Amino acid sequence: MRTMGMVKILLAEDDDSLRGFLSNALVRAGHSVRAFDDGRQALTALEREVFDLLLTDIVMPGLDGIELARRGAELDPAMKIMFITGFAAVALSQNHPAPKEARVLSKPFHLKDLVAEVERVVAA
């Protein structure tokens, strides 16, 4: 059973400025964030550490967010998953079923909404 309090988040987002904003907002909200700009590096981190939440962009070079989430869910079924995307409808098509229970946050969104949604997902 994971306890609430500081949530350990793996953030995978290839947009540098957005990654910085998201990371700062989550850290300010009291969470621990490891941020990566590439899906393969993020997968390596998932293989080595336990995270409460995977927060990933869907469209990324190397390994996309859906595949990252699928592999992350295999490594740790208890980890929560949230996608951030500007392409929700396209990305979550039938050819790429996302892991069940995954949430999708469509860009643009407010940082406070992201923080609230992260806390809702992790508390669920």
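Some notes on this structure:
- Number of positions in region 93-117 that are modelled with pLDDT under 80 and under 15 Å from the mean Cα position of the chain (by Cα): 11
- In region 8-19, the condition of being in contact with a His (Cβ under 8 Å, 6 or more places away or on another chain) and either aromatic (F, W, Y) or under 21 Å from K112 (Cα atoms) (or both) is met by at least one residue.
- Only one of the numbered conditions (1) within 20 Å of L18 (Cα to Cα); (2) in contact with a Phe, Trp or Tyr (Cβ under 7 Å, 6 or more places away or on another chain) is violated by M79, and that is (1).
- Hits in region 71-92 (condition: modelled with pLDDT of 85 or more, out of contact with any Leu (no Cβ under 9 Å at 6 or more places or on another chain) and assigned to a helix (DSSP H, G or I)): E74
- Within region 13-64, being among the hydrophobic types (A, V, I, L, M, F, W, C), at pLDDT 95 or above, surrounded by 13 or more Cβ atoms within 10 Å (Cβ to Cβ) and outside any helix (DSSP H, G or I) holds for V33, A35, F36, F51, L53, L54, L55.
The values are calculated or read from the model by the stated rules, or taken from the named source; none is laboratory data. All values derive from a computational prediction rather than experimental measurement. Every residue, glycine among them, receives a Cβ derived from its backbone with ideal geometry; neighbour counts consider all protein chains shown.
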